[in-house]
Amino acid sequence: MRNAFGLMCACVVSAAVIAAVWFWTSSPRADVAAPQTVAARKAEPLPVAAAKPVPPREDVEVTAALSAKPAAPVPAKSTCANPDALGVSRVVVVDTTGGPGFGFQQFKQLDFLTDKEVVLTFDDGPWPTTPSVLKTLAEECTKAVFFPIGKHSTYHPEILKQVAAAGHTVGAHTWSHAHLDSKKLSEAQVKEEIEKGFSAIKLALGANPAPFFRFPALQHNPASVDYLGSRNIAMFSCDIDSFDYKSKDAAQIINTVMTKLDKQGKGIILMHDLQKHTAEALPTLLRRLKAGGYKVVQMKAKESLETLAEYDAGLIKDMKLPAVASRPVGSVVQTVSD
């Protein structure tokens, strides 16, 4: 029995020794330092799959395609101090290729105005009455097309600059207001009236005018029409003639325009900025347009007109101007003390 007890004690001691050995050699130790780590290599970016185009929604109007280049900043719209101004309802840009004609009195191909839309146009300036016209247009925050006479532009270049600076479109109305359908004019003289007029306006503005042209007295012939077409100059007649040049007062001008306009419903209105009565009539006329629900459409040219060098040079020579005559006053005369 004593031998059995001794054997049992030996077994217990052996088991304890085995357990201790396993504990010190195999089990985790809190005092053992953590294994060192090696920094992983920076991961390579995964290739990005091309995004699938998102089909356009049916309730969204697509107005422009996206460009790889950032879009240019959109200029802020000019503010109008008059909350009840006539304003401009829309702006149209004219591609003058081939010399399109406007104004149903003579040219009936292009009917671009909708009901109650008008285009304001003024002939025969610039003149001392023109600033009054510009003031009224500015007060109503609206725009017009001006067809100045070349010779008048050499008289009052500073006034014509005011027209352009105000954002109006500047075309031309010949050099001397000659009727181009006259049999007294040769083909070369007709061409000179047109080109010299544009060159004079360029000289006054210091920039190329719009390729917009109106025949004096609305008189034209096939040869002059063909020539303007070859130069890609748009031709303007009218729909509503104010006959302001033979009106006795401002009231008659207003009555003439509104009576015709209410009958026709829309159109290009022809007036003259060198007429005193027109300048006087314009404030009331524009208010009548506003009250009648009429809206102004501004016409601009897609590209300006490149005048012909021979007429530019000829004009300077005829006027006995130095070659630097087109320089702005500020670059010629400067105040050094006052």
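The values are calculated or read from the model by the stated rules, or taken from the named source; none is laboratory data. What you are looking at is a predicted structure, and each value in this text was computed from that prediction instead of being measured. Because the Cβ atoms are built from the backbone with ideal geometry, glycine has one as well, and the counts that use them run over all protein chains shown. The area values use the complete protein model at the heavy-atom level, side chains included, leaving out ligands, DNA and RNA. Shrake-Rupley method; radii C 1.70, N 1.55, O 1.52, S 1.80 Å.
Per residue, how many Å² of accessible area does segment 170-310 show with a 1.4 Å probe?
42 Å²
Roll a 1.4 Å probe over the protein heavy atoms and report the accessible area of Arg214 in Å², nearest 10.
About 0 Å², rounded to the nearest 10.
What are the aspartates and glutamates whose alpha-carbon lies under 15 Å from the alpha-carbon of Lys276, with same-chain residues fewer than 8 places away excluded?
Excluding near neighbours in sequence, the set is Asp123, Asp124, Asp244, Asp249.
Roughly what would the spin-label model give for Lys300 and Asn82, points 7 Å off Cα along C-beta, in nm?
A separation of 2.1 nm, rounded to one decimal place.
So how exposed is Cys141, as accessible area in Å² (1.4 Å probe, rounded to 10)?
Solvent-accessible area, nearest 10 Å²: 40 Å².
Here is the link list: Lys151/Lys191; Lys143/Lys248; Lys135/Lys161; Lys151/Lys184; Lys196/Lys317. Which ones come out longer than 22 Å on Cα distance? All intermediate terms of the calculation are to be shown ahead of the outcome.
Working: Lys151/Lys191 16 Å; Lys143/Lys248 26 Å; Lys135/Lys161 14 Å; Lys151/Lys184 20 Å; Lys196/Lys317 12 Å.
In this structure, Lys143/Lys248 exceed 22 Å between Cα atoms.
So, in nm, how far is label Met319 from label Lys260 when the simple model puts each one 7 Å beyond its Cα toward the Cβ?
In this crude label model, Met319 to Lys260 measures out at 3.2 nm.
Could you work out the local net charge near Asn232, counting Lys and Arg as +1, Asp and Glu as -1, over the other residues with Cβ closer than 14 Å to its Cβ? Working shown, then result.
Numbers: positive: Arg231, Lys302; negative: Asp95, Glu195, Asp226, Glu303, Glu306.
After counting each charged neighbour, the total is -3.
Let's test the formula: R0 of 25 Å, r as the Cβ-Cβ distance of Ser230 and Val91. What FRET efficiency results, to the nearest 0.05? Walk me through the intermediate numbers first.
Numbers: r = 28 Å, r/R0 = 1.10.
That pair, Ser230 with Val91, gives E of 0.35.
Give the cross-link partners of Lys183 among the aspartates and glutamates, using a straight C-alpha distance below 18 Å as the criterion and excluding same-chain residues fewer than 8 apart.
Here the aspartates and glutamates satisfying the reach criterion relative to Lys183 are Glu192, Glu193, Asp226.
At Gln189 and Gln105, where each label point lies 7 Å from the Cα along Cα→Cβ, what is the point-to-point distance in nanometres?
Between Gln189 and Gln105, the label points sit 2.4 nm apart.
Using a 1.4 angstrom probe and counting only protein chains, how large is the accessible area of Thr97 in Å², to 10?
100 Å²
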